[in-house]
Amino acid sequence: MRVLFIGVAALLAVGLAAELALIQPGEVAAQLATKGVAPVLFHVGPNLLYRGKHIPGSIYAGPGSRPEGLEALKVAAGKLPRDREIIIYCGCCPWSHCPNVNPAFELLKQMGFTRVRAMFVETNFAKDWIDKGYPVEAGTAIK
């Protein structure tokens, strides 16, 4: 039974990943290190996670799993050109369990954004970003 559960969970994770345009954490870090127009980064996870450490320059949009988070994302992204590159990320938990990324991605697509990608955080933000030495900053979300 346990093997069946693990297999189903893996299939769900792959299915979710197949629907989303993904970018790896190392690719995001490399983009941030280059000169030129940087993508707009939205943190779509819990405020506690953002306040602890987040990607420099990322905008806190609220948890994508909650109506108030989606509304905050809608407002934050509302004035951006629809062809602007956007990267969303969470990192609250393993990718296969994240309740925030998919709703945020779907909202941005419904708003007409054509260059939206989700950063693939396989385990959590600490392990997949901070522990790899990618840049972080701490601070509170501005609301």
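The values are calculated or read from the model by the stated rules, or taken from the named source; none is laboratory data. Small disclaimer: the values here were computed from a predicted structure and weren't measured. Backbone-built Cβ (ideal geometry, glycine too); neighbour counts: all protein chains shown.
Considering (1) surrounded by 15 or more Cβ atoms within 10 Å (Cβ to Cβ); (2) modelled with pLDDT of 95 or more, the lone condition that Ala141 does not fulfil carries the number (2). Taking only the stretch 1-32 into account, find how many residues are assigned to a loop (DSSP other than H, G, I, E, B), over 24 Å from Ala77 (Cβ atoms) and either at pLDDT 95 or above or touching a Phe, Trp or Tyr at 6+ places or on another chain (Cβ under 8 Å) (or both). Qualifying residue count, the stretch 1-32: 0.
Please find, within the stretch 88-117, the residue that is farthest from the chain's Cα centre (by Cα) out of those that are over 19 Å from Asn47 (Cβ atoms) and among the hydrophobic types (A, V, I, L, M, F, W, C). The extreme case among them is Met111. Within the stretch 60-82, residues that are touching a residue at least 24 places away in the same chain (Cβ under 8 Å) have Cβ atoms under 7 Å from residues that are of a type in the set (Val, Ile, Thr) and assigned to a helix (DSSP H, G or I) in these pairs: Gly64/Val101, counting only partners at least 6 apart in sequence or on another chain.
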